[in-house]
Structure formats: structure tokens, C-alpha cells
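Accompanying notes for the structure given below.
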Amino acid sequence: MPKRNRDLPSQSLQALRTTALTNGATDAAIVRTSDIVVDERVALKCRNPPCENYGRNLMCPPFTPTADQSRKYLKLYRKAILIKVEEKIPPRIRNYIERSWRLPELRRNKTFRRVYDPWDVRTWRKLHSVVCDVERDAFRRGFHLSTGLVGERCKLCEECDVSAPCRRPFEARASMEALSIDVTRTVQKAGFKIDWGNRDSVTLFGLVLVD
């Protein structure tokens with residue numbers, strides 16, 4: 001294993017960014033952990049309005065670190081790779097969205113969910129795969145405490161049994177939101193945009209804390 005470089009040379013960070021792009025990321029940026037925004041209100045949004053995954057997914061609150069704990073962890077790192085994955089929404093799904101942009105109605109529409117959910121999981125797993133690839137590459141480069149965070153929630157299993165240990169402990173990753181990270185403000189600081197009204201594509205962000 002290569003020796004850990006305390007100076008974290010820029011070429012190592014650039015190499016990790018390249019790893020992200022080579023393995024499927026739409027874009028990636030090197031960020032300072034001091035620019036990662038943690039806000040208690042992110043955890044509040046998990047509860048109000050109540051998220052369907054709150055307390056039902058081991059990678060979601062209340063099983064994940066609190067905002068205060070997240071701040072302490074982030075202070076132990078200096079740099080991170082912010083990863084963007086953007087996927088075009090298939091025409092069949094977009095047609096449903098054009099007819100009804102109201103999220104509650106779409107969530108109740110079983111026909112829509114049968115079409116949307118498998119595509120949504122594939123998109124999330126693409127992000128998950130890129131995050132894990134970058135985390136693994138960072139480890140190989142000597143940053144043994146590198147750790148990855150995905151977006152939204154863990155979707156490795158169709159249903160998470162919170163009464164038992166995680167069935168895929170070496171693969172599961174918590175999301176940035178689960179650690180009370182304000183994704184919108186964090187990605188804006190990195191120069192990315194989030195277009196909440198975009199009906200043509202879905203954009204997910206992940207993060208790998210390097211050192």
C-alpha cells in the first residue's frame with residue numbers, strides 16, 4: 001500500500017476526480033470540507049413532512065449521525081470529491097410528469113411507480129457505484145479513512161429491515177442528507193446548479209471525504 005501523503009498533493013485529488021468521470025460521473029469537483037454545509041433543518045425536513053424512509057432505512061435518520069456529530073467528523077477531513085450524476089428522464093416517465101407535476105399524485109399512481117421506480121433505482125445505483133469506485137481508489141492511494149456518501153437514501157435492498165443488521169454492510173452508504181448536509185448550498189458553493197423545475201433529467205450528488 002502506498003504511503004499516506006500528509007500534504008494531499010493536488011495530483012492525487014485530480015486523479016480521484018478523473019476516477020469519478022471515467023466511471024460514469026457527469027461531473028466532479030474537488031471541494032474543501034469547510035465548504036460543506038451542515039444544517040439541522042435538513043434533519044427536520046426528514047420529519048416534517050414525514051419522509052417515508054424515516055426510521056425505515058438503516059442509512060437514514062434516526063440511525064445516522066446527528067448534525068453535531070457530522071460537523072465533528074467533517075472537521076477531521078480537509079478535502080472531498082463532490083460527484084454529479086445526471087440522467088435523462090425516459091419519454092414514458094416524462095409523459096406522466098407532464099400530465100401531473102404534483103408529487104403526491106405521482107407517488108399514489110401505481111402505474112407510474114411501476115415504470116418510475118426501477119429507473120430511479122438504476123440511476124441511484126449508478127451514483128452509488130461511482131462513489132464507491134472513488135472511495136476505493138482513495139483507499140488504494142493511501143487514504144485509508146476515505147468514506148463515501150450517496151444521495152437521497154440507500155436503495156440496495158427493496159426493503160430495509162431495521163430490526164436486523166444491514167444485509168449488505170460492505171456496500172451500503174448513507175446519503176449526504178442523512179448526515180444533515182444541505183446539498184443545495186454545498187453544490188452551489190462548488191459551482192454546480194440544481195434546477196428543481198427540470199422535467200428532462202434527474203441530477204444526483206454524492207460525496208467522498210478523502211482526508
For residue 88, the lone unmet condition from (1) surrounded by 18 or more Cβ atoms within 10 Å (Cβ to Cβ); (2) more than 30 Å from residue 139 (Cα to Cα); (3) in contact (Cβ under 8 Å) with a residue 24 or more places away in the chain is (1)
Handout entry: Condition met for residue 127 (under 24 Å from residue 185 (Cα atoms), out of contact with any Leu (no Cβ under 7 Å at 6 or more places or on another chain) and among the aliphatic types (A, V, I, L, M))
Key = no
Original post:
of a type in the set (A, V, I, L, M), at pLDDT below 95 and over 21 Å from residue 77 (Cα atoms) - does that describe any residue in the range 162-178?
Top reply: no
- Task: Determine if the range 203-210 includes at least one residue that is in contact with a helix residue (DSSP H, G or I) (Cβ under 7 Å, 6 or more places away or on another chain) and farther than 23 Å from residue 74 by Cβ.
- Result: no
Exercise. Modelled with pLDDT of 95 or more, closer than 30 Å to residue 88 by Cβ and surrounded by fewer than 17 Cβ atoms within 10 Å (Cβ to Cβ): does that describe residue 66?
Worked result: no
Exception for residue 23 within (1) touching a helix residue (DSSP H, G or I) at 6+ places or on another chain (Cβ under 8 Å); (2) among the polar types (S, T, N, Q); (3) farther than 22 Å from residue 126 by Cβ falls at (3)
Of the residues in the range 81-104 that are in a loop (DSSP other than H, G, I, E, B) and under 22 Å from residue 184 (Cα atoms), the one that is modelled with the lowest pLDDT is 101
Checked pairs for the range 106-123, first in contact (Cβ under 8 Å) with a residue 12 or more places away in the chain, second in a helix (DSSP H, G or I), C-beta under 7 Å and 6 or more apart or across chains, list as 112/96; 112/106; 115/92; 115/93; 116/93; 119/93
The lone condition residue 77 fails out of (1) in contact with a Phe, Trp or Tyr (Cβ under 8 Å, 6 or more places away or on another chain); (2) modelled with pLDDT of 95 or more; (3) part of a loop (DSSP other than H, G, I, E, B) is (1)
- Scan the range 178-198 and give yes if some residue there is assigned to a helix (DSSP H, G or I), aromatic (Phe, Trp, Tyr) and in contact (Cβ under 8 Å) with a residue 24 or more places away in the chain, otherwise no. no
- Task: With the condition kept exactly as written, say whether any residue in the range 105-113 is assigned to a loop (DSSP other than H, G, I, E, B) and modelled with pLDDT of 95 or more.
- Result: no
Within the range 145-154, residues at pLDDT 95 or above and either over 25 Å from residue 30 (Cβ atoms) or surrounded by fewer than 22 Cβ atoms within 10 Å (Cβ to Cβ) (or both) come out as 145, 147, 154
In the set 202, 208, 162, the lone residue that is part of a strand (DSSP E or B), in contact (Cβ under 8 Å) with a residue 60 or more places away in the chain and either charged (D, E, K, R) or surrounded by fewer than 18 Cβ atoms within 10 Å (Cβ to Cβ) (or both) is 202
When restricted to 154, 132, the only residue within 22 Å of the chain's Cα centre (by Cα), part of a loop (DSSP other than H, G, I, E, B) and either at negative phi or not polar (S, T, N, Q) (or both) is 154
Checked the range 23-56 for anything farther than 21 Å from residue 154 by Cα, exposed (fewer than 13 other Cβ atoms within 10 Å of the Cβ) and of a type in the set (S, T, N, Q); matches are 34
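The values are calculated or read from the model by the stated rules, or taken from the named source; none is laboratory data. Note that the structure is a prediction, hence the values are computed from the model and not measured. So basically every Cβ, Gly included, is an ideal-geometry build from the backbone, and we count neighbours across all protein chains shown.
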